[in-house]
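Since the structure comes first, as structure tokens, the remarks are kept for the end.
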Amino acid sequence: MFADVAKIYVRSGKGGNGHVSFRRELFVPAGGPDGGDGGKGGDIIVEVDDGLNSLEAFRHKTKYAAGDGQEGDGRRMHGKNGKDLVLKVPAGTLLKDAETGKLISDMSGENRRIVLLTGGKGGLGNMHFATPSMQAPKFAQPGQDAREITLQLELRVIADVGLLGFPNVGKSTLLSMCSNARPEIANYHFTTLNPHLGVVNLKGDRSFVMADIPGLIEGASDGVGLGFQFLRHIHRCRVLIHIVDGAGSEGRVPLEDLKNIHAECESYDPEILKKPVIVAANKVELIQSEEQEKALKDLEKYCKDMHYPFFKISAASNQGIYPLLEEAYKLLEGIGKDEMIYESEVDLENLGAVESLPIKYEHPEEGLFLVEGPKMEKMLGYTNLEAEKGFLFFQRFMVEQGIIKELKKMGMKEGDTIKIFSHEFEYYDDEIEDENESKEE
Ligand SMILES: Nc1nc2c(ncn2[C@@H]2O[C@H](COP(=O)(O)OP(=O)(O)OP(=O)(O)O)[C@@H](O)[C@H]2O)c(=O)[nH]1
Ligand SMILES: [Mg+2]
């Protein structure tokens, strides 16, 4: 399999609860509150690792959680913070919200490390809640919730120059000849399954990054066979070197190969061919017959007509490569660099927090109000409505989130029914509500 996409579930750590306790000392009958604060939950951090070129690891392990903060303790002891969890990804990885498809972050360029989900804050212990009128507070603050999200990871390499071509035409050979990269080279199709990057150094301190993109096959743009995955990498290359087997090995016809691949790119995304394209006919030292000569001439003529710079090379024997690289550099100089990095479409600060989930309201008939959506679903999951404490907690949540206010705006009156999924409640203006209303004024 080609591991350039993966779907994983990640969760930051929950904050530890604040602690309730009282000082016990000899000869002191009633010590003051000394419950310490809970520890902070661990963050989920994403970091670029230059040693990686696939998302393989995320195929094997698909669930990741940072450590929870621990509860505070007596004698003002702070709970231990939860451990952060660092996910290492290759450069060029896009992090998307799997539910909405929105881009969270493009781990490219300068963007090498982000805090994806922050851990919950620890709750304050009861030592903070003593007041003149309440000297023995029997409560402490609960820790903040963990945050969670299902991530879609997509690898799209960024390179100055991308090598494009059918399998086995010599893309990896060229990259290994002119850069520090060492992709595997072998005489069979799809030797290269993951993109490889190499730095090409030219005379006079000039350099660029070249990507060996796994081979394209016909029908790739329709998702047929193996090709579709690879097309996504081409997007983020600024100049393309299209390599064809100039000797027509394996019964190939160079010009047909070129046209076929261009048609594939065109049907995947017409933008691709707006990039500068250079054509390199490889393996030319193998040419012996007149038929081969003729096929190469056809290719050359076509490139001239299309204004594609054309080069004959032999990657394996390192011939004709330098002028090709110089041409690539020349074209690179003529185009801008920045549009290859995608901008985030989400508010990273609130990512995965319950607060950021939507709530849906409906008023299908007189006296009935529906409140649904992912946020409500999640809160119900957290809450035991059978227990009095759980019910009170949920009631408070409804007020604090402004849900009651919203329903009132929609016309809810006392005695009306609020339905949240399968739970039904009758609405009464109770104390919690009043307390909150007066606070707002
Ligand atoms: N004769 C000759 N053989 C070459 C040349 N360049 C590459 N080859 C051979 O062609 C075969 C394929 O080369 P690769 O570099 O692995 O080809 P690729 O395009 O990366 O292939 P995939 O990774 O499968 O898409 C290997 O056996 C190479 O040794 C060349 O200039 N002349
Ligand atoms: Mg290869």
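Hey, can you tell me all the residues within the stretch 118-170 that are within 16 Å of ligand 1 (Cβ to nearest atom) and in contact with a helix residue (DSSP H, G or I) (Cβ under 6 Å, 6 or more places away or on another chain)? Write out each step before concluding.
First, the residues of the stretch 118-170 that are within 16 Å of ligand 1 (Cβ to nearest atom): 157, 159, 161-170.
Correct list: 157, 161, 162, 163, 165, 166.
Please count how many residues of the stretch 399-420 are touching a residue at least 24 places away in the same chain (Cβ under 8 Å) and open to solvent by less than 70 Å² (accessible area, probe 1.4 Å).
Summing the residues that are touching a residue at least 24 places away in the same chain (Cβ under 8 Å) and open to solvent by less than 70 Å² (accessible area, probe 1.4 Å) in the stretch 399-420 gives 15.
Going through 336, 381 one at a time, which residue ends up being at pLDDT below 80, assigned to a helix (DSSP H, G or I) and at negative phi?
Values: 336 fails: assigned to a helix (DSSP H, G or I).
When all the criteria are applied, what remains is 381.
Go through the residues of the stretch 249-270 one by one and say whether even a single one is surrounded by fewer than 19 Cβ atoms within 10 Å (Cβ to Cβ), in contact with a Cys (Cβ under 8 Å, 6 or more places away or on another chain) and assigned by TED's automatic domain parsing to the domain that holds residue 325.
Checked the stretch 249-270: no residue is surrounded by fewer than 19 Cβ atoms within 10 Å (Cβ to Cβ), in contact with a Cys (Cβ under 8 Å, 6 or more places away or on another chain) and assigned by TED's automatic domain parsing to the domain that holds residue 325.
Being open to solvent by less than 10 Å² (accessible area, probe 1.4 Å) and away from ligand 2 (no atom under 16 Å from the Cβ): is that true of residue 111 here? Working first, answer last.
Values: open to solvent by less than 10 Å² (accessible area, probe 1.4 Å): no; away from ligand 2 (no atom under 16 Å from the Cβ): yes.
When the stated conditions are applied, residue 111 does not pass them.
Yes or no, residue by residue, for (1) outside the structural domain of residue 424 (by TED's automatic domain parsing); (2) within 16 Å of ligand 2 (Cβ to nearest atom); (3) surrounded by 14 or more Cβ atoms within 10 Å (Cβ to Cβ):
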{"position": "290", "(1), (2), (3)": "yes, no, no"}
{"position": "297", "(1), (2), (3)": "yes, no, no"}
{"position": "308", "(1), (2), (3)": "yes, no, yes"}
{"position": "368", "(1), (2), (3)": "no, no, yes"}
{"position": "376", "(1), (2), (3)": "no, no, yes"}
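If you take the residues of the stretch 292-330 that are closer than 17 Å to residue 240 by Cβ and among the hydroxyl-bearing types (Ser, Thr, Tyr), which of them is nearest to the chain's Cα centre (by Cα)?
Result: 329.
Which condition breaks for residue 277 when tested against (1) within 16 Å of ligand 1 (Cβ to nearest atom); (2) crowded, with 20+ Cβ neighbours inside 10 Å?
(1)
Can you pull out every residue in the stretch 120-140 that is surrounded by fewer than 21 Cβ atoms within 10 Å (Cβ to Cβ) and of a type in the set (S, T, N, Q)?
Once the filter is applied, which keeps residues that are surrounded by fewer than 21 Cβ atoms within 10 Å (Cβ to Cβ) and of a type in the set (S, T, N, Q), the stretch 120-140 yields 131, 133, 135.
If I filter the stretch 47-77 down to residues being among the hydrophobic types (A, V, I, L, M, F, W, C) and in contact with a strand residue (DSSP E or B) (Cβ under 7 Å, 6 or more places away or on another chain), which single residue comes out as most open to solvent (accessible area, probe 1.4 Å)? Walk me through it before giving the result.
Initial filter on the stretch 47-77 (among the hydrophobic types (A, V, I, L, M, F, W, C)): 48, 52, 55, 57-58, 65-66, 77.
Of the ones still in play, those that are also in contact with a strand residue (DSSP E or B) (Cβ under 7 Å, 6 or more places away or on another chain) are 48, 52, 55, 58, 65-66.
Working: 48: 17, 52: 67, 55: 0, 58: 11, 65: 50, 66: 7 Å².
My answer is 52.
Could you look through the stretch 183-197, keep only residues that are part of a loop (DSSP other than H, G, I, E, B) and more than 9 Å from ligand 2 (Cβ to nearest atom), and pick out the one that is nearest to residue 209 (Cα to Cα)? Full working, then the answer.
Of the residues in the stretch 183-197, the ones part of a loop (DSSP other than H, G, I, E, B) are 183-195.
Subset that is more than 9 Å from ligand 2 (Cβ to nearest atom): 187-189, 194-195.
Details: 187: 25, 188: 26, 189: 24, 194: 16, 195: 12 Å.
So, considering only residues that are part of a loop (DSSP other than H, G, I, E, B) and more than 9 Å from ligand 2 (Cβ to nearest atom), the one nearest to residue 209 (Cα to Cα) is 195.
If the requirement is being among the charged types (D, E, K, R) and surrounded by fewer than 18 Cβ atoms within 10 Å (Cβ to Cβ), which of these qualifies: 283, 312, 301? So that I can check it myself, show each step before the final result.
Values: 283 fails: surrounded by fewer than 18 Cβ atoms within 10 Å (Cβ to Cβ); 312 fails: surrounded by fewer than 18 Cβ atoms within 10 Å (Cβ to Cβ).
It is 301.
Taking the stretch 163-182 on its own, how many of its residues are open to solvent by less than 30 Å² (accessible area, probe 1.4 Å) and either assigned to a loop (DSSP other than H, G, I, E, B) or not assigned by TED's automatic domain parsing to the domain that holds residue 330 (or both)?
We begin by selecting, within the stretch 163-182, every residue open to solvent by less than 30 Å² (accessible area, probe 1.4 Å); these are 163-176, 178-179, 181.
Those left that are additionally either assigned to a loop (DSSP other than H, G, I, E, B) or not assigned by TED's automatic domain parsing to the domain that holds residue 330 (or both): 165-170, 181.
So the count comes out to 7.
Kindly list the number of the only condition in (1) open to solvent by less than 70 Å² (accessible area, probe 1.4 Å); (2) closer than 30 Å to residue 130 by Cβ that fails for residue 24.
Tallying (1) open to solvent by less than 70 Å² (accessible area, probe 1.4 Å); (2) closer than 30 Å to residue 130 by Cβ, residue 24 fails exactly one: (1).
Given the conditions (1) part of a helix (DSSP H, G or I); (2) in contact (Cβ under 8 Å) with a residue 60 or more places away in the chain, which single one is not true for residue 327?
Residue 327 satisfies all of (1) part of a helix (DSSP H, G or I); (2) in contact (Cβ under 8 Å) with a residue 60 or more places away in the chain except (2).
The values are calculated or read from the model by the stated rules, or taken from the named source; none is laboratory data. These figures come from a predicted structure and were not determined experimentally. Cβ atoms come from the backbone with ideal geometry, glycine included; neighbour counts cover every protein chain shown. Quick note on the areas: whole protein, heavy atoms, side chains included, nothing else; ligands and nucleic acids left out. Shrake-Rupley method; radii C 1.70, N 1.55, O 1.52, S 1.80 Å.
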